[in-house]
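J.: The structure is given below, and queries will be raised subsequently.
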Amino acid sequence: MGTGLMALGASCRVRPVQLYDWLPLQDDYLRSRSRYRLLRTGNQTVGKTTVGVADLALHAMGIHPHRPDGKDGPDEYWLVCASWSQSISIQQKLWDVLPKDQLHPETQFDIRKGFIGQHPAVRVRHARGGYSIIRVKTVNQGGLTLASATVGGIVVDEPPKSARVYTELMSRVERRGWLSILMTPVNAPVDYLREIIDAPNSPWVDIHRPLTPKELIPVGGRSPLRDGMGRPMGQEWIDERALKIPAHERDIILHGGWDIRAVDRFFSHWAQQVGEPPAETDLWVSIGIDHGSQPGKQASILVGCVDHGPNELPHVYVLEETGDPTGKNVPADDARGILSMLRARGWQWTDLDDACGDRALMRGRAGGKSNAMIAAHINRQLGRRGMLKPMLRTAKRGTDRGAGSALRRARYVHWLTAKGQLTVSDRCPRTLEALDNWDGTPRSVHKDQLDALFYALDRWTFERRRPAAVSLVVGR
């Protein structure tokens, strides 16, 4: 390698923030002189977080090419994230854009933990001397932690979770600073923010355009970006990405729009793929249970999955279903129906790789049901004592299973239908009807049946599974 290329490589590592080629929407954001900026884009398209942390770094160093803020001397800045786990990847992006030769000697960064310290922060040299400080905070810390200082600028990655947090952040910059919000309007309450942005004489500038091929060509360039597979990110790439997104939220996730659109069918790619697993097929088997005490509300589904490896979707077979059409079932009846699904296939409870149910329904009241109740009755009917193995887990516990998890579960099944990787036995008419007719709303009569399917696929949706201790083979 020549000395010129070696010097360029060293420069990229030391001063990366000055070497980015920005996309049109990113460039608009950097050039805006407004104190209050909203960058509203689709998810994982225009690079809103990257330009947000680069903008923050340029302010902190006093070398922003388009904005005078921060050039008088060192100041304090905040990078506010939705949660600590989410902040780790965002801290990595901040670390990537910072010039390493301008950081305070005590600054330490760990790829797994982020910036090291009880109150994570990074200090970077200012053009006028001294060091600015960038503190990493989360909205989960609440208003009391955020209400602590007057700061020079704040970048918020994704919308503040409430109007109260928004107000606290605004008060930190009201006297002299600026506030930017970077977001895709999904999985968070944004109505209050939309009212503020759209209000007459609002001080906010809303930087937003729908995703088109033109938006994926860097400023001053002629060719679009390429994705991780080397493909040009043009109209064909955009169209392919759109097919992977449920129709009712396509405008939000692809284009950064405000509204979820009403649709007739959530699973727009579902085409009644009915059948059974081929003979001699290895299956990973699980049961999903949705609790209810009204007619049609209790639902259980047995699925078998063919694992195609860590980088591919499995092929999912919905094999059996059972429920409570009258609303008169007690937990013992539900347990009996679940075991009958297994017997219909010649299997036992211990053949299962997973079992997952909804959280307790109306515990302590008439009609209340829970996983523990049903598990106890399954044990009794099997004539066993001790803990049921595999245990009947609760679907609403674990990493990423909080706010937004319902849509994530539905999207996973959408991806299966888009790839033709979902097949339903004709022994499951309620599941077939639900896939045909669910409109994406939580109050639909089909939602309970689909929730049972979502819970049966819980391990696939949220985490990699351990190799199955028992592998069922169809036809043996």
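The values are calculated or read from the model by the stated rules, or taken from the named source; none is laboratory data. As the structure is a computational prediction, the values presented were derived from the model and not from experiment. Every residue, glycine among them, receives a Cβ derived from its backbone with ideal geometry; neighbour counts consider all protein chains shown.
J.: Of everything in the range 93-122 that's in contact with a helix residue (DSSP H, G or I) (Cβ under 6 Å, 6 or more places away or on another chain) and assigned to a loop (DSSP other than H, G, I, E, B), which residue is nearest to D157 (Cα to Cα)?
T.: Restricting to residues being in contact with a helix residue (DSSP H, G or I) (Cβ under 6 Å, 6 or more places away or on another chain) and assigned to a loop (DSSP other than H, G, I, E, B), the top hit is L98.
J.: Here's another thing I want to ask about it. Which condition breaks for G304 when tested against (1) of a type outside the set (A, V, I, L, M, F, W, C); (2) part of a strand (DSSP E or B); (3) within 28 Å of G368 (Cβ to Cβ)?
T.: (3)
J.: Looking only at residues that are outside any strand (DSSP E or B) and in contact with a Pro (Cβ under 9 Å, 6 or more places away or on another chain) in the range 325-354, which one is farthest from P429 (Cα to Cα)?
T.: Start the filter on the range 325-354 by keeping residues that are outside any strand (DSSP E or B), which leaves 325-353.
Going one step further and asking which of them are in contact with a Pro (Cβ under 9 Å, 6 or more places away or on another chain), we end up with 325-328, 349-350, 352-353.
Working: P325: 13, T326: 17, G327: 19, K328: 21, W349: 23, T350: 26, L352: 23, D353: 24 Å.
Out of the qualifying residues, it is T350.
J.: Scan the range 178-201 for residues that are surrounded by 13 or more Cβ atoms within 10 Å (Cβ to Cβ), part of a loop (DSSP other than H, G, I, E, B) and either over 24 Å from the mean Cα position of the chain (by Cα) or at positive phi (or both) and jot them down.
T.: Filtering the range 178-201 down to residues surrounded by 13 or more Cβ atoms within 10 Å (Cβ to Cβ) leaves 178-190, 192-194, 196-197.
From what's left, part of a loop (DSSP other than H, G, I, E, B): 184-190.
Of everything in the range 178-201, just one residue is surrounded by 13 or more Cβ atoms within 10 Å (Cβ to Cβ), part of a loop (DSSP other than H, G, I, E, B) and either over 24 Å from the mean Cα position of the chain (by Cα) or at positive phi (or both), namely N187.
Each row is one residue, and each column tells you yes or no for (1) within 28 Å of G70 (Cα to Cα); (2) in contact with a His (Cβ under 9 Å, 6 or more places away or on another chain); (3) in a loop (DSSP other than H, G, I, E, B); (4) among the acidic types (D, E).
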| position | (1), (2), (3), (4) |
| --- | --- |
| V156 | yes, no, no, no |
| T167 | yes, no, no, no |
| R176 | yes, no, yes, no |
| I245 | no, yes, yes, no |
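J.: While we're here: So which residues in the range 94-130 are without any contact (Cβ under 8 Å) to a residue 24 or more places away in the chain, in contact with a strand residue (DSSP E or B) (Cβ under 9 Å, 6 or more places away or on another chain) and among the acidic types (D, E), if there are any at all?
T.: Listed by number, the list holds a single entry, E106.
J.: Is it the case that A355 is under 17 Å from Q381 (Cβ atoms), small (G, A, S) and either surrounded by fewer than 18 Cβ atoms within 10 Å (Cβ to Cβ) or more than 30 Å from the chain's Cα centre (by Cα) (or both)?
T.: Judged against the criteria, A355 is not a match.
J.: Does L211 satisfy the criteria of being closer than 20 Å to K137 by Cβ and not assigned by TED's automatic domain parsing to the domain that holds T441? Explain how you work it out, then say what you get.
T.: Details: closer than 20 Å to K137 by Cβ: no; not assigned by TED's automatic domain parsing to the domain that holds T441: yes.
The answer is no for L211.
J.: Enumerate the helices (runs of 4 or more DSSP H) found wholly within the range 370-476, keeping only those where 1 or more residues are modelled with pLDDT of 90 or more and closer than 17 Å to W270 by Cα. Give the derivation first.
T.: On the way: elements: 371-382, 405-418, 429-437, 447-456, 458-462.
By residue number, 405-418, 429-437, 447-456.
J.: For the range 296-316, state whether one or more residues are buried (at least 23 other Cβ atoms within 10 Å of the Cβ), under 23 Å from P442 (Cβ atoms), small (G, A, S) and in the same structural domain as A375 (by TED's automatic domain parsing). Let's see the steps before the verdict.
T.: Of the range 296-316, the ones buried (at least 23 other Cβ atoms within 10 Å of the Cβ) are 298-305, 316.
From what is left, the residues that are under 23 Å from P442 (Cβ atoms) are 298-301, 303, 316.
Now narrow it down to the ones that are small (G, A, S): 299-300.
Of the ones still in play, those that are also in the same structural domain as A375 (by TED's automatic domain parsing) are 299-300.
So far as the range 296-316 goes, yes, one or more of its residues are buried (at least 23 other Cβ atoms within 10 Å of the Cβ), under 23 Å from P442 (Cβ atoms), small (G, A, S) and in the same structural domain as A375 (by TED's automatic domain parsing).
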